[in-house]
Amino acid sequence: MNPDLTVNIGRLTMQNPVMPASGCFGYGEEYAPFFDLSRLGAIVVKGTTAEPCSGNHPVRLAETPAGLLNAIGLQNPGVKAAREKIRELAHCGVPVIVNVAGHSAEDYLRVIDFLEEEEEAAAYEVNISCPNVSAGGMAFGTEPCVVESLVGNLRRSTKKTLIVKLSPNVTDITEIARAAESAGADAVSLINTLLGMAIDTATRRPVLANITGGLSGPAIKPVALRMVWQVSSAVKIPVIGMGGITGARDALEFLLAGASAVAIGAANFTNPMVCPETVDGIADYLSENGFESVSRIVGLAKESLRPVTGGVCGCGKK
Amino acid sequence: MPQMKVMYIKEHTLVAPDIRRMVLDDSIYARPGQFVQISVSPTLDPFLRRPLSVHDDGEGGLVLLYRASGRGTRLLAEKKPGDSVDILGPLGNGFPVTDAPAAILVAGGIGVAPLCYLARTLCEAGKQVIFLFGAQKADQLYIPKAITPFLTVLETATDDGSAGHHGPVTEVLEQFLQKGAVPVYGCGPEGMLRAMVRVAAQYYAQTYVSLEARMACGVGACLGCVVETFQNSGEAYQRVCVDGPVFSGEEVFR
C-alpha cells in the first residue's frame, strides 16, 4: 500500500511534505518545463513586497564550498503584479504560499490586505529573516518582542495560515520561535540563509556588491538540522525544515529531527527535478521501512533517545 | 524548451592553452547565442553548474568550447571521452538575425565560442560574415578550421602584436565600419564590448552583445545573474540567463 504523505499545516492540507523554498523557484513558471508542478506539496513563491523592489546591485552571487552566497535584495514586481502570477500558478492545483516581505510593519500588512480575498494565495510565509535588505527583513526577526508584535498584528489581519520564517542569525532561535507561536503563528519555517561573505583576492574586494550575503546549499545543512531539532522541541506548532536539502535522504533527516514538512532551495538550481525526486524518495523510504504515513516519522529521531538524568556537560562540569 | 539530458563525450581536446573543445553525442537544438548549464561534478562541491555557450550544435552533436580558468571548468577539463555530463539547456535568447546582407562578428578571447555557431548560421542564410578576432597573443587565437569556409573575411588582432593587427580588435572594427554600417555582434571581455558599442554607435550600426555573469539557476528563477539595463522606461535589472545573454549594445552600455 502506498504510504500516506498528507501533511497539515494550519488550515493548509498538502498532498506531500515537499515544497520549493521561497526565492528559489520564482513564480513557478521557470520550472514548469521540467516537471508537472502538481506533484509538489505546495509552492512557496518569491518574497513579495507591497511595492515593486529592484533588488541589490550585481554582483549578487558567490559560489562557496558546497554552497552559495546570494544577495538578491528581495527583487520582485510588487504584490499587484505578483497577484497575476500567483493566480496563474494556482492553476497547477497545489497550494501557493506567498512569502511576504517588507521594510516596515505596515508593508507586511499591505501585502496581506491586498491578497486576503485572493483564494489563490493559500497561506502566507512571513519573511522576518532576509539578511540582504538594509531596513526590515532580518531586523524584524532577531528580537522576540518585535517578532511577537509584528506577527500579532498580522494574525489579527488574516484568517489564512500564517507561517513565520526564522533567521538563523540569532543567539537563540527557540526564543524567536516561541515568540511567533505565542503571537498566533500556525507554523514556523527555518532556516533562512546564514549571513556570510566572500572576498576576491585578485581585486582585493568583497565579491558581492552588498558585501555580505546569505549562505545556502549543502554547507548549511547540519546547522539547519540542529535548529529544526531545537525549535521542534520548543514549540507545539508545526515546523517546516529547510537548509541545504538536496534529496530525499536530507529531507528525511529533517522529518526525523521534527519537521512536519520540508522546503528545498538552492538544490533546484543544480537539479530542477529535485522536488519530485524527493517526494518519490520519501515515499519509497516509508514503504521500505513499513511506515503507513509520513507523520509517523516526524521527530522520530528524538524518541530513540533515552531521557538523560544528571550527566556531564562538554566542559567537564556537573 | 530547456531540458535536462545526460550526454556522453565523443571528443575532448586541448586546442589552445587552457582552451578545450568538447564534442557530445547528442544535440539540444540550440540557436546561436544560447548556452547550456553543465554539471562539472557528481558531488556537492562545487555546487553549481557552469554556464557555457553553445559553440556548435546539430547532427554532429553539441559542441562546447571553453577556457579552464576556475575550479569548476578545471574539473570539467579532466573528463575523458566516454564520460557522461549532465546538460541543462538550451537556455537564453540567442542572437537575433536581421535582414542585413552582411554582419560583423567581434570575438574577444574565449568569446569566440558562440560566434562560430553564429557565423555558420549567418553564412547558411546567405549573408556575408566579417569575423574579427582579438586576443592577448597569437596562441589564443583558436578558430576551428571547419568554420573558415563560412567566413567572407577573417581578421585577427593581438594586444602584443604576435599576430594580425597590433592593438585592440575594435580598431579593426572601425576600418570595416567605415566601408559600411552593418549589424555588429560581439562576445568577449566587458571592456572590448563597451568599446565595440561605442565605435559602432559612431557609424549608427546596430550592436548585439553576449554577456557573461555569475549564474545559479540559469532558468530565470533566482535573479542572481542580473545586469543593469537602460531602456525607455529607465533603468532596470534584467536576467542574463533568460532576458539575455544577448542584449542590444545600447541597452547595457552607455
Check your understanding: Does residue B:118 satisfy the criteria of being within 16 Å of the chain's Cα centre (by Cα), among the hydrophobic types (A, V, I, L, M, F, W, C) and more than 21 Å from residue B:96 (Cβ to Cβ)?
Key -> no
Review point. Does residue A:32 count as within 7 Å of another protein chain (Cβ to nearest Cβ) and over 22 Å from residue B:212 (Cα atoms)?
Key: no
Exercise for review: Kindly check whether there is at least one residue in the stretch A:112-125 that is in contact with a Gly (Cβ under 8 Å, 6 or more places away or on another chain), among the β-branched types (Val, Ile, Thr) and either away from chain B (no Cβ under 14 Å) or more than 29 Å from residue A:206 (Cα to Cα) (or both).
Suggested key: no
Revision key, fill the gap. Scanning the stretch B:45-72 residue by residue, those under 18 Å from residue B:218 (Cβ atoms) and open to solvent by 20 Å² or more (accessible area, probe 1.4 Å) turn out to be B:50, B:51, B:53, B:70
Practice item. Go through the stretch A:46-68 and give me each residue that's touching a Ser or Thr at 6+ places or on another chain (Cβ under 8 Å) and either open to solvent by less than 10 Å² (accessible area, probe 1.4 Å) or facing chain B (nearest Cβ under 7 Å) (or both). Key: A:47, A:67, A:68
**Study point:** residue B:80, sole failed condition from (1) over 19 Å from the mean Cα position of the chain (by Cα); (2) open to solvent by 50 Å² or more (accessible area, probe 1.4 Å); (3) within 14 Å of another protein chain (Cβ to nearest Cβ)
**Key:** (3)
Review point. Of the residues that make up the stretch A:270-292, is at least one at pLDDT 95 or above, surrounded by 23 or more Cβ atoms within 10 Å (Cβ to Cβ) and not in a helix (DSSP H, G or I)?
Key: yes
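Every residue, every condition in (1) open to solvent by 30 Å² or more (accessible area, probe 1.4 Å); (2) among the aliphatic types (A, V, I, L, M); (3) touching a strand residue (DSSP E or B) at 6+ places or on another chain (Cβ under 6 Å), yes or no:
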position	(1), (2), (3)
A:141	no, no, no
A:152	no, no, no
A:178	yes, no, no
A:184	no, no, no
A:205	yes, no, no
A:212	yes, no, yes
A:219	yes, yes, yes
A:228	no, yes, yes
Revision key, fill the gap. The helices (runs of 4 or more DSSP H) lying wholly within the stretch B:112-202 that contain at least 3 residues that are touching a residue at least 24 places away in the same chain (Cβ under 8 Å) and acidic (Asp, Glu) are none
Check your understanding: Just for the stretch B:61-72: of the residues that are of a type outside the set (D, E, K, R) and within 10 Å of residue B:19 (Cα to Cα), which one is farthest from the other protein chains (Cβ to nearest Cβ)?
Key -> B:65
Review point. Of the residues that make up the stretch B:173-183, is at least one within 14 Å of chain A (Cβ to nearest Cβ) and at pLDDT 95 or above?
Key: no
Exercise for review: Among the residues of the stretch A:186-203, write down those that are open to solvent by less than 20 Å² (accessible area, probe 1.4 Å) and touching a helix residue (DSSP H, G or I) at 6+ places or on another chain (Cβ under 6 Å).
Suggested key: A:188, A:190, A:191
Practice item. Kindly check whether there is at least one residue in the stretch A:19-26 that is modelled with pLDDT of 95 or more, more than 24 Å from residue A:188 (Cβ to Cβ), in a loop (DSSP other than H, G, I, E, B) and more than 10 Å from chain B (Cβ to nearest Cβ). Key: no
Review point. Residues of the stretch B:1-28 being closer than 16 Å to residue B:88 by Cα and more than 14 Å from chain A (Cβ to nearest Cβ), which ones?
Key: B:7, B:8, B:9, B:22, B:23, B:24, B:25, B:26, B:27
Study note, to complete from the structure: Reported set for the stretch A:29-44 where residues are of a type in the set (A, V, I, L, M, F, W, C) and buried (at least 24 other Cβ atoms within 10 Å of the Cβ) is A:40, A:42, A:43, A:44
Check your understanding: Can you pull out the residues in the stretch B:30-43 that are open to solvent by 60 Å² or more (accessible area, probe 1.4 Å) and at pLDDT below 95?
Key -> B:42, B:43
Exercise for review: Could you please find all residues in the stretch B:128-149 being over 17 Å from the mean Cα position of the chain (by Cα) and open to solvent by less than 50 Å² (accessible area, probe 1.4 Å)?
Suggested key: B:138
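Each row is one residue, and each column tells you yes or no for (1) in contact with a His (Cβ under 7 Å, 6 or more places away or on another chain); (2) more than 17 Å from residue A:269 (Cα to Cα); (3) touching a residue at least 60 places away in the same chain (Cβ under 8 Å).
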| residue | (1), (2), (3) |
| --- | --- |
| A:23 | no, no, yes |
| A:40 | no, no, yes |
| A:43 | no, no, no |
| A:57 | no, yes, yes |
| A:69 | no, no, yes |
| A:74 | no, yes, yes |
| A:80 | no, yes, no |
| A:85 | no, yes, no |
| A:104 | no, yes, no |
**Study point:** Qualifying residue in the stretch B:95-106 (condition: away from chain A (no Cβ under 14 Å), free of Cβ contacts under 8 Å to residues at least 24 places away in the same chain and open to solvent by 50 Å² or more (accessible area, probe 1.4 Å))
**Key:** yes
Review point. Just for the stretch B:203-254: of the residues that are of a type in the set (Val, Ile, Thr) and without any contact (Cβ under 8 Å) to a residue 24 or more places away in the chain, which one is nearest to the other protein chains (Cβ to nearest Cβ)?
Key: B:226
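The values are calculated or read from the model by the stated rules, or taken from the named source; none is laboratory data. These numbers come from a predicted model, not from an experiment. Ideal geometry is used to build each Cβ from the backbone, glycine not excepted, and the neighbour counts take in all protein chains shown. Note: areas computed on protein heavy atoms with side chains; ligands, DNA, RNA excluded. Shrake-Rupley method; radii C 1.70, N 1.55, O 1.52, S 1.80 Å.
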